[in-house]
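S.K.: I have a structure here, written as C-alpha cells, and I will follow up with some questions on it.
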Amino acid sequence: MTRQILLKSRPVGVPSVDNFSIREIELPQLASGQVRMTTHTMSVDPYMRGRMNDSPSYVAPFQVGEPIFGGGIGLITESRADGFEVGNYVMGFLPWQEELVMDAPGLRVVDETIAPLSYFLGILGMPGLTAYFGLLEIGKLNQGETVVISGAAGAVGIVAGQLAKIQGCRVVGIAGDDNKINYLRDELHFDVAINYKSTSDLEAAVTAACPSGVDVYFDNVGGAIGDAVISQINKFARIIICGQISLYNATSQPVGPRVQDILLKKSALMQGFIIGNYSERFPEGLSALAQLVSNGKLKYINTTYHGFEKLPEAFIALFEGKNLGKLIVEI
Ligand code: NAP
C-alpha cells in the first residue's frame, strides 16, 4: 500500500489545502519494462495551477479524484527494465505518491555526481531551460543592454538574471520580499532589485533603475508589474512572456493598458513561449547550464519543504511568495 494525493475539488481563486485529499492505494506487481521506486524529491511549479482548472491550455487539466502529477525524482528499489538499476535516481513526471511502479521509458537516470539532485528540478531542469531559451531565442541580448526580470527571485528568475549578467547586461530584478531583494543584490550581483510590495510608485522605481530605458523584459508575473515595465521600453525592445503568475488565480479577466500602441511606437517584440517548444534542444541548453554551474558562474538556491503531506502547502506557497529560488519538497 502507498499514499497518493488527489485533486479533491477545483480551486476558485487561490488554492487551499481543502482542494486536495490523500488516499491509500495498492501498488501493482512489477511487470517487464517497469521499475519500482520511492519518491525522493518533488517539484511544485506555478503552471500546475492552470491544470487545476477545467479549461483548455497547453497541458490537459488534472481530473477531480485523480492524482496530481509534477516533475519529480525517485530512487529505484526494484527493476525489470534494461538500463535502470536498483539505487539509480530517475526523474520524470510522477504522480504525487510515496511509492511508485512506473514504465521505465518515461524516466531518465540522473547523474547525481554532476550536481545536487534537486538541481535537476531547477537550474538543470525545466526552470533553468526556460530562462536559457527565453533569453537566447526571444531576448537576443546585447552587451550593455538593460534587462528587467519580474519574479526575479524564483526558480526561473534567478537563472535569467545571472545569465543576463554573464552577457554583460544591466540587470534589474523585481520581487516581493526584502530577503529576496538582498539576495538578488548581494549574492547574485543584480544592479538593482525592487521590492514591488513596499514600493509605492513602481513605474517611478523602474524609471530610476533603468536610466537608459528597458531593452529586454523577462516577464514571469504579468499584471500591474508588467504594465509598469512595458511603459519604459526602448526602441526594438524584446518582451519575453514567460509566465503570468499574478493572473493564475484570477476569477475574472483583468483589463490593463492596451500595449499594442507602445509596441508599435517602439517597434518592439512581445512573444510568449512554452519551454516544450525547445525540447529538441534541451541537451544543448542543459550542457551550457551544467558548464556554467560547474565553473561556479551560476549560483542556485532552493526553498525546501519536508514530508509527503506538505506537497499541497508547498504548492500554495508559490502564490504567497514564500520561496527564494526553486521550491521543492523532499518526500
Ligand atoms: P517561482 O518564481 O519560483 O515562484 C513563484 C513566485 O512568483 C513567488 O515566489 C512570488 O514571488 C511570485 N508571485 C506569486 N504571486 C504573485 C503575484 N500575484 N504577483 C507577482 N508575483 C507573484 O516560480 P517559477 O517556477 O520560477 O516560475 C516563474 C514564472 O515562469 C511563472 O509564471 C511560471 O508559470 C512561468 N514559467 C513558464 C514556463 C514556460 O515554459 N513558459 C516554464 C516555467 C515557468 P514574489 O515574492 O516576488 O512575489
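The values are calculated or read from the model by the stated rules, or taken from the named source; none is laboratory data. Bear in mind the structure is a predicted one, so any value in this text is a computation, not a measurement. Backbone-built Cβ (ideal geometry, glycine too); neighbour counts: all protein chains shown. Just the protein is used for accessible areas: all its heavy atoms, side chains included, with ligands, DNA and RNA removed. Shrake-Rupley method; radii C 1.70, N 1.55, O 1.52, S 1.80 Å.
S.K.: Among the residues of segment 131-189 satisfying the criterion of being in a strand (DSSP E or B), under 15 Å from the mean Cα position of the chain (by Cα) and closer than 22 Å to Pro211 by Cα, which is farthest from the ligand (Cβ to nearest atom)?
M.R.: Restricting to residues being in a strand (DSSP E or B), under 15 Å from the mean Cα position of the chain (by Cα) and closer than 22 Å to Pro211 by Cα, the top hit is Ile149.
S.K.: Filter segment 39-72 for residues that are open to solvent by 40 Å² or more (accessible area, probe 1.4 Å), of a type in the set (Val, Ile, Thr) and touching a Leu at 6+ places or on another chain (Cβ under 7 Å) and give the result.
M.R.: Scanning segment 39-72 gives a single hit, Val64.
S.K.: Which condition does Cys242 not pass, out of (1) open to solvent by 30 Å² or more (accessible area, probe 1.4 Å); (2) touching a helix residue (DSSP H, G or I) at 6+ places or on another chain (Cβ under 7 Å); (3) away from the ligand (no atom under 12 Å from the Cβ), if it passes all the others?
M.R.: (3)
S.K.: Something else: Taking the stated definitions as given, is Val90 closer than 25 Å to Gln291 by Cα, in contact with a helix residue (DSSP H, G or I) (Cβ under 7 Å, 6 or more places away or on another chain) and of a type in the set (A, V, I, L, M, F, W, C)?
M.R.: no
S.K.: Okay, next question. I need a count of the residues in segment 204-221 that are outside any helix (DSSP H, G or I) and buried (at least 21 other Cβ atoms within 10 Å of the Cβ).
M.R.: 9
S.K.: Restricting to segment 245-262, and then to whatever is within 8 Å of the ligand (Cβ to nearest atom) and crowded, with 17+ Cβ neighbours inside 10 Å, can you tell me which residue is nearest to the chain's Cα centre (by Cα)?
M.R.: Among them, the one singled out is Ile245.
S.K.: So Pro116 passes all but one of these: (1) more than 10 Å from the ligand (Cβ to nearest atom); (2) touching a strand residue (DSSP E or B) at 6+ places or on another chain (Cβ under 8 Å); (3) open to solvent by 10 Å² or more (accessible area, probe 1.4 Å); (4) not small (Gly, Ala, Ser). Which condition number does it fail?
M.R.: Only one criterion is unmet by Pro116, namely (2).
S.K.: Return yes or no: is Gly176 on the phi > 0 side of the Ramachandran plot and open to solvent by less than 40 Å² (accessible area, probe 1.4 Å)?
M.R.: no
S.K.: Pairs under 8 Å by beta carbon, first residue assigned by TED's automatic domain parsing to the domain that holds Ala115 in segment 77-93, partner open to solvent by 40 Å² or more (accessible area, probe 1.4 Å) and aromatic (Phe, Trp, Tyr), six or more apart or different chains?
M.R.: Listed pairs, sorted by first residue: Phe93/Phe69.
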